[in-house]
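J.: Below: one structure in structure tokens.
The values are calculated or read from the model by the stated rules, or taken from the named source; none is laboratory data. Values in this document were obtained by computation on a predicted structure and should not be read as measured data. So basically every Cβ, Gly included, is an ideal-geometry build from the backbone, and we count neighbours across all protein chains shown.
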């Protein structure tokens, strides 16, 4: 273990009491920094400097085993150009879709009325006609969740809405009190969007400040780029596929940013550890140390993303399957898409950017 | 050994204490044992009104608060139970009415107009709970005093005072022209489906009158119309003439006590133009009644005692509460605010129950999936994760109940979604810890020494990452409106509680478990699969390490969890 090389005066095998006693005094994090050396590189399955890569050959185990033990050998920093190109293409496609296809906004943004009542497919037509006759401009009628009819109409004032409720309850043969109406003014959607944009701006500023203080400003840049990537890709997916955008979508979008950042912080924490005191010794370049960190935390990042995705999958299943529409489904959908994008950006995007920025620093280049 | 044992016990003890205190509070004080449910889970109506000022700015906080109080009075006046009116952000007022009869709450979005109109004829007692046919206008539905349809001058007909705000007798003036005052039907306006009120006037002289169907919930009558209006409590009806002064001319109104008699009065000030109009009118109409109508209903109909050039004093049998209420209502008329109904949502009780069920199922599925994954990936360590998640749930539930009691926190569907999402965050902190543990073990440490070292490194990461989540939740909560607030609150709450569980339970538990060597080396612990000492190309060195490792098992080592 490298510790023995660092302290040539005392060769203590790892695991003995003396070693542990000494380790007790040492700073655990300092040890981690010292531990980021060629041996660690080899363990992670990465080529050390000047190494033709021959050392890796005998150690090839199954991918799962390698992942489990942090030996995946992913060269994220080295392949940063390729990653940038792929990401740029994806982002451009998303932006193009947003510009040309636009979004499918729910009634909360466009304004209008909606009615939910227990019923089934056989009653759909009658209910729809009854609503039209009562004066509503029916935009869509569908059955959701297997047992609920959802009617979307243009804006109605209170009196007209009451008429529609009565007519529709009649047609479906239920009590008027079982109909759940919702009416949203067109300005409400604008209000929500404004608030959301404001929250987003404040969040970004706070994040930059936090990261700059906790780690360093260049890491803040890397994290922000990753966040923007997540935003654009998620919005792009929504636009491409045509999912409905509702206020819950907006909530979810802001949450994704929190998650993605969480993910990125986990990676940056390890990068920070590995690159601490790096200028003091010439063990490896900043980029290599950062890359090593990514590999060492790969399993953790994957686990983090999977574990975050599992409950969301549950939400999606219930939201889409049982309820059909509403808060749960919208939220779950956007979180699902966003978490996947977030995982990608934390692992593949954030660190290479920081490494590239760092390598321009004169002291690192030396 | 003794050194290390104590801290774990201390942490466990602290944790148990916290849980015990919380549940003790729940069971031994107060009455609620379950969290408060929001309206989208209980069923009810939620109406959001957005206030707008003429120049498009946000209203002043005091104005918004005043408006909120007035609307609250109006909501309570409808008679719905447990209605709640709160402000949200700096422009919204949210009215929440549980249950299935929140229809009327939707009406409150209409703009309230305050007007001053002369009372024509005598106020007549309205018939309680009377619904009559509007198509027969001459059919007076006032059984008590024989409403005389075409008798304009009932000079000494003194009606019962309405709400204590009619200070003197309504001795009408005989100056009202022949009006077909047919005693407009006045239903207690508690029933929104009652037939519309109609009024017939002497057609020739009141051709401009157009208010044939009037919903007295909102003042749709034009200022120059004659209207028939009810008093606020629905016991008296009035025939009113055209508007003398609009409520917007009011500069201020306040309640105070008469210096001489000590009785409560309401003081009213008009602005410049209003004052002169008022002065003229009062000078010309001493002895007649003026009605203040709000929302098309008469809140007060005092008699003019004399010409008023400056401040108006309204006397009557006021007590402090009624004086302040009237003053508020008058001031409200002066508010430069209009309200628009931004959203109105009614959830039937069945739908609410269904959504609650769906939310709980989603939570259960999410937790089950995480459990399965934890067991598959971490084996026995997964049990530690599961135990921690369960304890998190216990603490979260207790907080929900207590918060519901203390600050009236209600759990909405978005809130449930927030908790479900935070399952991921909570589980993640364990992942961070366990992966660090694997790192340490990979470096060749024994489990016992790996745990505290892993903890020191993991702790920093967990704190940074949770700080980020909390920051996101806090910003969302502070800035957002509507559902988002509930979501952000539960997200932030779970992040904080996650820290509590990880610090006080998970880590001490790991420290305790680490004492069992079998735990670290068993194939089932999830740690046994970790490669140790791969770097050893020399099999002898590897064997030495194993031996040495075995030998150190019995020694006491320092507890580094305090590091």
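J.: How many of the residues in the stretch A:239-257 are farther than 17 Å from residue A:328 by Cβ, assigned to a helix (DSSP H, G or I) and more than 10 Å from chain B (Cβ to nearest Cβ)?
T.: 3
Results for (1) under 27 Å from residue A:241 (Cβ atoms); (2) touching a strand residue (DSSP E or B) at 6+ places or on another chain (Cβ under 8 Å), shown as yes or no for each residue.
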| residue | (1), (2) |
| --- | --- |
| A:114 | yes, yes |
| A:117 | no, yes |
| A:162 | no, no |
| A:175 | no, no |
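Residues are listed down the side, and each one gets a yes or a no for (1) assigned to a helix (DSSP H, G or I); (2) surrounded by fewer than 15 Cβ atoms within 10 Å (Cβ to Cβ); (3) at positive phi; (4) modelled with pLDDT of 85 or more:
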{"site": "B:3", "(1), (2), (3), (4)": "yes, yes, no, no"}
{"site": "B:15", "(1), (2), (3), (4)": "yes, no, no, yes"}
{"site": "B:30", "(1), (2), (3), (4)": "no, yes, yes, no"}
{"site": "B:56", "(1), (2), (3), (4)": "no, yes, yes, no"}
{"site": "B:67", "(1), (2), (3), (4)": "yes, no, no, no"}
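J.: In the stretch A:113-121, is there at least one residue being surrounded by fewer than 15 Cβ atoms within 10 Å (Cβ to Cβ) and either more than 14 Å from chain B (Cβ to nearest Cβ) or more than 30 Å from residue A:292 (Cβ to Cβ) (or both)?
T.: Yes, the conditions are met somewhere in the stretch A:113-121.
J.: Considering the stretch B:450-459 alone, what residues qualify as being facing chain A (nearest Cβ under 7 Å) and either surrounded by fewer than 24 Cβ atoms within 10 Å (Cβ to Cβ) or outside any helix (DSSP H, G or I) (or both)?
T.: Correct list: B:456, B:457.
J.: Go through the stretch B:410-423 and count every residue that is surrounded by 24 or more Cβ atoms within 10 Å (Cβ to Cβ) and either outside any helix (DSSP H, G or I) or facing chain A (nearest Cβ under 7 Å) (or both).
T.: Counting residues in the stretch B:410-423 that are surrounded by 24 or more Cβ atoms within 10 Å (Cβ to Cβ) and either outside any helix (DSSP H, G or I) or facing chain A (nearest Cβ under 7 Å) (or both) gives 8.
J.: Which pairs turn up if I take residues in the stretch A:183-197 that are more than 10 Å from chain B (Cβ to nearest Cβ) and look for partners that are assigned to a helix (DSSP H, G or I) and buried (at least 24 other Cβ atoms within 10 Å of the Cβ) with beta carbon separation below 8 Å, at least 6 apart in sequence or on another chain?
T.: Pairs that qualify, where the first residue is more than 10 Å from chain B (Cβ to nearest Cβ) and the partner is assigned to a helix (DSSP H, G or I) and buried (at least 24 other Cβ atoms within 10 Å of the Cβ), are A:193/A:250.
J.: Can you give me the number of residues within the stretch B:466-482 that are part of a helix (DSSP H, G or I) and crowded, with 24+ Cβ neighbours inside 10 Å?
T.: Of the residues in that region, 6 qualify.
J.: Yes or no: residue A:279 modelled with pLDDT under 80, more than 10 Å from chain B (Cβ to nearest Cβ), touching a helix residue (DSSP H, G or I) at 6+ places or on another chain (Cβ under 9 Å) and part of a helix (DSSP H, G or I)?
T.: yes
J.: Could you grab me the full set of residues in the stretch B:489-532 that are touching a helix residue (DSSP H, G or I) at 6+ places or on another chain (Cβ under 7 Å), farther than 16 Å from residue B:383 by Cβ and modelled with pLDDT under 85?
T.: B:515, B:517, B:529, B:530, B:531, B:532
J.: Only one of A:257, A:316 is buried (at least 24 other Cβ atoms within 10 Å of the Cβ), modelled with pLDDT of 80 or more and out of contact with any strand residue (DSSP E or B) (no Cβ under 6 Å at 6 or more places or on another chain); which?
T.: Matching residue, one of A:257, A:316: A:257.
J.: Has the stretch B:436-447 got at least one residue that is crowded, with 24+ Cβ neighbours inside 10 Å, more than 8 Å from chain A (Cβ to nearest Cβ) and at pLDDT 85 or above?
T.: no
J.: Which residues, taken from the stretch A:144-167, are closer than 17 Å to residue B:350 by Cα and buried (at least 17 other Cβ atoms within 10 Å of the Cβ)?
T.: A:145, A:148, A:149, A:150, A:165
For (1) crowded, with 18+ Cβ neighbours inside 10 Å; (2) under 30 Å from residue A:183 (Cα atoms); (3) within 14 Å of chain A (Cβ to nearest Cβ); (4) touching a strand residue (DSSP E or B) at 6+ places or on another chain (Cβ under 8 Å), each residue gets a yes or a no:
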| site | (1), (2), (3), (4) |
| --- | --- |
| B:327 | yes, no, no, yes |
| B:356 | yes, yes, yes, yes |
| B:359 | yes, yes, yes, no |
| B:364 | no, no, yes, no |
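J.: Would you mind telling me which numbered condition in (1) more than 35 Å from the chain's Cα centre (by Cα); (2) surrounded by fewer than 19 Cβ atoms within 10 Å (Cβ to Cβ) residue B:385 fails?
T.: Going through the list (1) more than 35 Å from the chain's Cα centre (by Cα); (2) surrounded by fewer than 19 Cβ atoms within 10 Å (Cβ to Cβ), residue B:385 breaks only (2).
J.: Based on this model, can you work out whether residue A:239 counts as crowded, with 24+ Cβ neighbours inside 10 Å and within 30 Å of residue A:108 (Cα to Cα)?
T.: no
J.: Here's another thing I want to ask about it. Hey, can you tell me all the residues within the stretch B:477-490 that are at the interface with chain A (Cβ under 7 Å from one of its Cβ atoms), in contact (Cβ under 8 Å) with a residue 60 or more places away in the chain and farther than 17 Å from residue A:330 by Cα?
T.: Hit for the stretch B:477-490 is B:481, nothing else.
J.: Taking residue A:129 and the conditions (1) crowded, with 19+ Cβ neighbours inside 10 Å; (2) touching a residue at least 40 places away in the same chain (Cβ under 8 Å); (3) over 41 Å from the mean Cα position of the chain (by Cα), which numbered condition does it fall short on, given that it satisfies the others?
T.: For residue A:129, the exception is condition (1).
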